[in-house]
Structure formats: C-alpha cells, structure tokens
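Here the structure is laid out as structure tokens; the discussion comes afterwards.
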Amino acid sequence: MINLSSFPSNLNIIIFGASGGIGGAFVDHLAKHENVDKIHAISRGEQTYDSNKIIPHFADITQEASLEELAEKIGKNPPLDIIIVATGMLHDTNGTTPEKSLRDINTNNFEKIFSINTHAPALIMKYFLPMLNRETKSVFAALSARVGSISDNQLGGWYSYRASKAALNMLIKNASIEVARRQKNACIIGLHPGTVETNLSAPFQSNVPSKKLFTPEFSTQQMLHVINDVTSDNSGNLFAYDGEIIPV
C-alpha cells in the first residue's frame with residue numbers, strides 16, 4: 001500500500017497521460033487509496049473506469065487552447081493537491097527514433113520530441129500550477145529522465161530526447177523558484193521512473209538487465225513514495241524512483 005501520510009485527506013489529483021502504461025498505473029494505485037477523493041484522468045482518447053473516484057477528461061496537451069479549456073472545466077475549487085505529468089515521447093511509428101550521431105539529426109523529429117517532452121509540460125505548468133493547494137503540501141511531478149542530466153551524460157547520442165528532458169529539468173527548476181514565492185508548501189519536481197516495460201522503452205529493453213526493467217506498477221509505487229517524502233526544501237530537483245537526487 002502506498003503511503004500518502006504527508007498529505008491531508010480528500011486529495012484532489014490530476015494525472016496527464018492517464019491512458020499510458022505509467023500514467024495508468026498511477027491512476028490504479030491512487031484510486032485504491034483511502035485518502036484520495038478525486039482523480040482527474042487526462043488522455044487523448046476516451047477512457048472508462050470502474051471507480052467513481054476517477055473522472056476521465058480529453059485534452060490535447062500540445063494545444064494550449066485545449067489545456068486552457070480543461071483548466072477552466074476543472075476549476076480551482078477544490079484546489080489540486082497532486083499534479084502528475086506522465087507523458088513522454090522517445091520514438092514513434094512514423095520514423096522518429098533516437099539519434100545515434102549528429103548525422104541523424106532531423107528538424108521534424110526534434111520538433112515532435114520537444115512538443116511532447118518540453119512544450120506540453122510547460123503549458124501544463126502555466127495553467128495548472130496556479131491551481132495547487134496553497135494551504136497544505138502540494139506536489140507537481142513530471143516524468144523526466146536520467147539521460148536528461150548534462151553532468152551524468154557519458155554515452156552521448158539521443159540528441160533530441162536528451163535535450164528535451166534537459167530543457168524540462170530547467171523548466172522544473174524555474175517553476176519551483178517562481179511558485180515558492182506564493183506557495184510555500186509546493187514541491188515542483190522531476191521524476192526518473194527507471195526503465196519501465198512500456199511502449200516508450202519497448203525497442204530498447206533487450207539491453208536492460210532483467211532486474212533493472214521495471215513493471216509500471218513497481219515504478220509508480222516507488223515514485224509515489226518519493227512524492228510522499230519530498231518537501232518544499234527539495235523543490236526543483238530531479239529524483240530517481242528510489243529517491244536519489246540526480247544532478248541535472
């Protein structure tokens with residue numbers, strides 16, 4: 001059972017990317033918790049859920065108007081206690097793949113990767129960070145990646161994905177500074193989920209040791225422990241699933 005003891009009861013939560021492997025596991029874990037009152041599950045397609053705690057919504061996170069409309073629909077009363085951005089792109093079926101060298105850099109691929117990994121979280125911050133609870137602890141957590149760490153980069157490659165996550169880490173740091181001026185209890189963090197058995201990592205799982213390839217259920221459970229343990233003193237950092245602070 002996940003621990004959410006650092007939060008009050010009747011939590012109001014929003015999860016972007018709720019139809020994905022990691023986002024869906026977040027929804028499943030949180031819907032079972034007695035302290036959770038409501039989960040706004042955001043996805044690009046129609047979703048249905050058995051729990052009456054879960055409210056499905058459609059939104060295109062790459063379109064500002066769609067996010068603005070969603071924010072107005074959900075409203076600030078009650079405020080949000082936890083915002084989770086569980087979206088990301090590494091490759092697609094239309095030929096976008098991680099670059100192995102400078103020769104592979106393609107403007108269209110860069111734009112697609114940045115649209116999902118950087119621009120969309122920035123727009124979510126714009127419309128939903130003002131909706132965080134100002135009276136008690138609140139958390140904004142966006143999925144980032146260890147490969148977005150500049151100081152930890154030892155292998156090179158994956159230019160667009162690494163750059164998009166490094167940019168996301170900067171957005172998180174920037175937002176943490178601004179939000180702290182008016183919301184002292186807010187924690188704005190990035191989360192590295194590890195290598196998880198999802199469509200995002202599917203083409204690359206053969207190179208991952210079995211003990212380092214996590215199920216979505218395990219990874220999200222670990223990240224929820226981080227969300228529970230984090231304090232405003234740690235706002236702006238990138239955390240691994242095991243609580244390690246990753247230098248960015």
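List of remarks:
- Potential extension, residue 6-residue 126 segment - 0.36 nm per residue separation minus Cα distance: 40.7 nm
- Approximating the spin labels as points 7 Å out from Cα along Cα→Cβ, the residue 181-to-residue 92 distance works out to 3.6 nm.
- Relative exposure of 14, 61, 42, 116, judged by other C-beta atoms within 10 Å (fewest first): 116, 61, 14, 42
- Residues 81, 60 arranged by fewest to most Cβ contacts within 10 Å: 60, 81
- Separation of alpha-carbon centers, the stretch 145-181 and the stretch 3-34, rounded to whole Å: 24 Å
- When the chain is treated as a GNM with alpha-carbon contacts under 10 Å, the residue of 26, 214, 140 showing the greatest mean-square fluctuation is 214.
- Around residue 37: net Lys/Arg minus Asp/Glu count, Cβ-Cβ under 14 Å: +1
- Expected 222 nm ellipticity per residue - DSSP helices of 4 or more, -39500 (n - 2.57), all of the chain, to 500: -9500 deg cm²/dmol
- For the stretch 30-71, applying the loop criterion from DSSP together with a ceiling of 16 other beta carbons within 10 Å to the GluC sites (Glu not before Pro) yields 34, 46.
- 25 °C / 0.890 mPa s Stokes-Einstein diffusion coefficient of the stretch 43-164, Kirkwood radius on C-alpha pairs, µm²/s: 149 µm²/s
- Charge context of residue 64, other residues only, Cβ under 14 angstrom, K/R +1, D/E -1: -3
- In terms of Cα atoms, the Rg and Dmax of the stretch 11-246 work out to 16.9, 52 Å.
Every read-out reported here was derived from the displayed coordinates using simple, explicitly stated rules and does not represent laboratory data. It should be emphasised that the depicted structure is a prediction, and the values quoted were computed from it without experimental measurement. Ideal geometry is used to build each Cβ from the backbone, glycine not excepted, and the neighbour counts take in all protein chains shown.
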